[in-house]
1. Out of segment 28-67, which residues are loosely packed, with under 10 Cβ neighbours inside 10 Å and assigned to a helix (DSSP H, G or I)?
2. Please identify the pairs in which a residue from segment 14-25 that is on the phi < 0 side of the Ramachandran plot and surrounded by 12 or more Cβ atoms within 10 Å (Cβ to Cβ) has its Cβ atom under 7 Å from the Cβ atom of a residue that is modelled with pLDDT under 90 and not in a loop (DSSP other than H, G, I, E, B), counting only partners at least 6 apart or on another chain.
3. List the number of the failed condition for residue 24; all other conditions in (1) part of a loop (DSSP other than H, G, I, E, B); (2) in contact with a helix residue (DSSP H, G or I) (Cβ under 7 Å, 6 or more places away or on another chain) hold.
4. When you check residue 79 against the structure, is it under 15 Å from the mean Cα position of the chain (by Cα), free of Cβ contacts under 8 Å to residues at least 60 places away in the same chain and either in a helix (DSSP H, G or I) or loosely packed, with under 10 Cβ neighbours inside 10 Å (or both), yes or no?
5. If you go through segment 1-20 one residue at a time, how many are farther than 17 Å from residue 49 by Cα and in a helix (DSSP H, G or I)?
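The values are calculated or read from the model by the stated rules, or taken from the named source; none is laboratory data. Bear in mind the structure is a predicted one, so any value in this text is a computation, not a measurement. Cβ sites come from the backbone with ideal geometry, for glycine too, and all protein chains shown count toward neighbours.
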């Protein structure tokens, strides 16, 4: 019988991945939980979500951390 994988080791290994790769791992793990949805999502929303995820995965779109966005907005709207 094979040894059960060590969750701490898996997490440590995952943390060495690039942000988009970590997002893919996190998304896949969350989807694997098969939780019931608390709300209905229209087909248009699902398609938009899938398109945006694909853009991130393909690096067509880059993610910006929240601190950078907030600093940029503060600079833009400073009085």
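1. Once the filter is applied, which keeps residues that are loosely packed, with under 10 Cβ neighbours inside 10 Å and assigned to a helix (DSSP H, G or I), segment 28-67 yields 28, 31, 32, 43, 44, 66, 67.
2. So the pair list comes out as 20/56; 20/57; 23/56; 24/57.
3. (1)
4. no
5. Going through segment 1-20 one residue at a time, the tally reaches 9.
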